[in-house]
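Chemist: Sharing a structure here in structure tokens format.
The values are calculated or read from the model by the stated rules, or taken from the named source; none is laboratory data. Everything numeric in this text was worked out from a predicted model, so none of it was measured. Cβ placement follows ideal geometry from the backbone for every residue including glycine, while neighbour counts extend to all protein chains displayed.
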Amino acid sequence: MTASTRAVGWVAFFTLVLIALMMGANHVAARLAFNDGMDVATGVAVRSWVTASVLAVVVWLGRVPWQANASQRKGLLIVGLAIGLQSQCLYSSVARLPVALALLGFNTYPLWTAFWDRVLYGRRTERAVLQAMPVILLGLALALDVMGASSGLGAADQWQQMGVGVAFAISAGAVFGLALVWTQHETQGMDGRVRTIATMSLSGVVALAVMAGQGGPHWPQTTMGWGGMAALTFLYGTAFTIMFTVLPKLGVSVHSAIMNVEPVFALVLAWAVLGQHIAPIQILGAVLVVGAVMALGLRKA
């Protein structure tokens, strides 16, 4: 029994690390496509609909029931629209910032989750979250070089250059935290794969609406860009399919913590593929953010 449990633990661990790697690589691939002319809405639409289609096949083959009551359907609608907005914000940040920094801004979502749970449902914020807040904020301040010391630009010029991207990243974290709270309270009892299909479909609808407002899709202009779009779709869809089919069987309770190494993978991949560099002090800030978020996720393990 002990050997079996240990084996499952290692399988779970490496599966989660693989998912984090694919998610980080997905954002690097997205930046390749954005640099080549693809817009955010087009990328989100393709990614969302392909992922929803793949999961629909998985659910159909597994004969998973699709039923949802009125409360769950309302919750799904809200969560789907929130994830659609979050996807637009996060990819908009990735298009403007070094990929790792965009993901670090997004990784404030545990703080936002605690905030929304308190505001909407009156749940008291855990002491561990309150203790982690200053560490995460300090790490973000260092990683984002808020005073412009590492870049040599000064605070005003630094924020003129990065402010919009940072705002999109933080907004993505806030909306994702809200979506997590709604998911927990308003869609209880639903199969996670069915919930994800609905969420991805609604996210795709939001992206199509944005595309329509922008005069239609904007596709990559070269083979490199098309490769980036194909890679982001494959990586995102595969990661989510693994997450919602394999992990429930493994019964992993600390998946969110382990998967927060995603910015670290993104940092290395963005350096290798995109030539993006950040200063050592920013790397220290990244370590503080990732470490604090992982500590939050692992505290009940």
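Chemist: Consider M211 carefully, then state whether it is closer than 21 Å to G24 by Cα and hydrophobic (A, V, I, L, M, F, W, C).
Modeler: no
Chemist: If we keep just the residues of the range 246-289 that are among the β-branched types (V, I, T), touching a helix residue (DSSP H, G or I) at 6+ places or on another chain (Cβ under 7 Å) and closer than 15 Å to F106 by Cα, which is modelled with the lowest pLDDT?
Modeler: Ranking the qualifying residues of the range 246-289, first place goes to V261.
Chemist: Go through the range 99-142 and give me each residue that's touching an Asp or Glu at 6+ places or on another chain (Cβ under 7 Å) and under 22 Å from G165 (Cα atoms).
Modeler: Listed by number, the list holds a single entry, L103.
Chemist: For A100, only one of the following conditions fails: (1) part of a loop (DSSP other than H, G, I, E, B); (2) within 18 Å of the chain's Cα centre (by Cα). What is its number?
Modeler: Every listed condition holds for A100 apart from (1).
Chemist: Is it true that L103 is of a type outside the set (K, R), in contact (Cβ under 8 Å) with a residue 24 or more places away in the chain and touching a helix residue (DSSP H, G or I) at 6+ places or on another chain (Cβ under 6 Å)?
Modeler: For L103, the condition - of a type outside the set (K, R), in contact (Cβ under 8 Å) with a residue 24 or more places away in the chain and touching a helix residue (DSSP H, G or I) at 6+ places or on another chain (Cβ under 6 Å) - is met.
Chemist: Okay, moving on. Could you list, in sequence order, the residues of the range 106-145 that are of a type in the set (V, I, T), free of Cβ contacts under 8 Å to residues at least 60 places away in the same chain and either crowded, with 18+ Cβ neighbours inside 10 Å or in a loop (DSSP other than H, G, I, E, B) (or both)?
Modeler: Hit for the range 106-145 is T125, nothing else.
Chemist: Does G216 satisfy being at pLDDT below 85, in a loop (DSSP other than H, G, I, E, B) and of a type in the set (G, A, S)?
Modeler: Judged against the criteria, G216 is not a match.
Chemist: Does A292 count as within 16 Å of the chain's Cα centre (by Cα), within 28 Å of L137 (Cβ to Cβ) and either at pLDDT 75 or above or not in a helix (DSSP H, G or I) (or both)?
Modeler: For A292, the condition - within 16 Å of the chain's Cα centre (by Cα), within 28 Å of L137 (Cβ to Cβ) and either at pLDDT 75 or above or not in a helix (DSSP H, G or I) (or both) - is not met.
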